[in-house]
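Structure first, then comments.
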Amino acid sequence: MTPGTREAPFRRASARVLLLDPDARLLLFRLSFVDAQTGLPVWFPPGGGAEPGESPEEAARREIIEETGMTDVVFGPWVWLREYTGVWLGSERRGEWFHADERYQLARASGSEISRAGWTEAELADIAEHRWWNAAEIAASPDVFVRAPWPPCSRRCWPGSCRQSRCAWSSADVEAEDVATR
């Protein structure tokens, strides 16, 4: 079977980071293309694929440095896992099928300024902008948010507003206190 097909998707282990600034706002990136079903902008958290031999922790730290330029991030607990199969939409492997094993880690930034200096050509092509979001802004937005960190609740769920017991985190995780003390 040919890798990257529906029958033989390429495997992708990745680490995503739910990065909060001092005001407990969540950093999200907007794709340079819209959601095919709704025509709306799509937002997702920083992170990406693990390099060969790299642990999820190492991947999360590397991705944050590359995608934000921040080196003083305090990493907290892993809060969610998801596994899915889909079609790659980014410029790097557009149209290829993949199977993702994603881990999501909570982290705290000391500021909110980011740098694009470490971005790859694919990131520069596929990411249109970044924004720090608070819960009210996400709740009011018609935009599409990649299915994290709010699933399995719903794409609109935010920590503390989630009513399903399967959610891995609570509003206490986004309080202004340092996640490292947990």
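The values are calculated or read from the model by the stated rules, or taken from the named source; none is laboratory data. If you're wondering where the values come from, they're calculated on a predicted model, not measured in any experiment. Note: ideal-geometry Cβ built from the backbone for every residue, glycine included; neighbour counts use all protein chains shown.
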Out of the residues in the range 35-50 that are under 17 Å from the mean Cα position of the chain (by Cα) and not in a strand (DSSP E or B), which is surrounded by the most Cβ atoms within 10 Å (Cβ to Cβ)? Pro46
Where residues in the range 63-78 are of a type outside the set (D, E, K, R) and under 13 Å from the mean Cα position of the chain (by Cα), which of them is surrounded by the fewest Cβ atoms within 10 Å (Cβ to Cβ)? Trp78
Residues of the range 1-58 being polar (S, T, N, Q), without any contact (Cβ under 8 Å) to a residue 24 or more places away in the chain and under 18 Å from Leu89 (Cα atoms), which ones? Gln37
Somewhere in the range 120-140, is a residue assigned to a loop (DSSP other than H, G, I, E, B), in contact with a strand residue (DSSP E or B) (Cβ under 8 Å, 6 or more places away or on another chain), closer than 19 Å to Val73 by Cβ and modelled with pLDDT of 90 or more? no
Within the range 79-112, residues being out of contact with any helix residue (DSSP H, G or I) (no Cβ under 6 Å at 6 or more places or on another chain) and either more than 22 Å from Ala24 (Cβ to Cβ) or surrounded by fewer than 16 Cβ atoms within 10 Å (Cβ to Cβ) (or both) number 21
The listed residue being exposed (fewer than 14 other Cβ atoms within 10 Å of the Cβ), hydrophobic (A, V, I, L, M, F, W, C) and outside any strand (DSSP E or B), out of Ala117, Ala60: Ala117
Name the one entry in Pro9, Pro41, Pro46 that is in contact with a strand residue (DSSP E or B) (Cβ under 7 Å, 6 or more places away or on another chain) and over 27 Å from Ser115 (Cβ atoms). Pro9
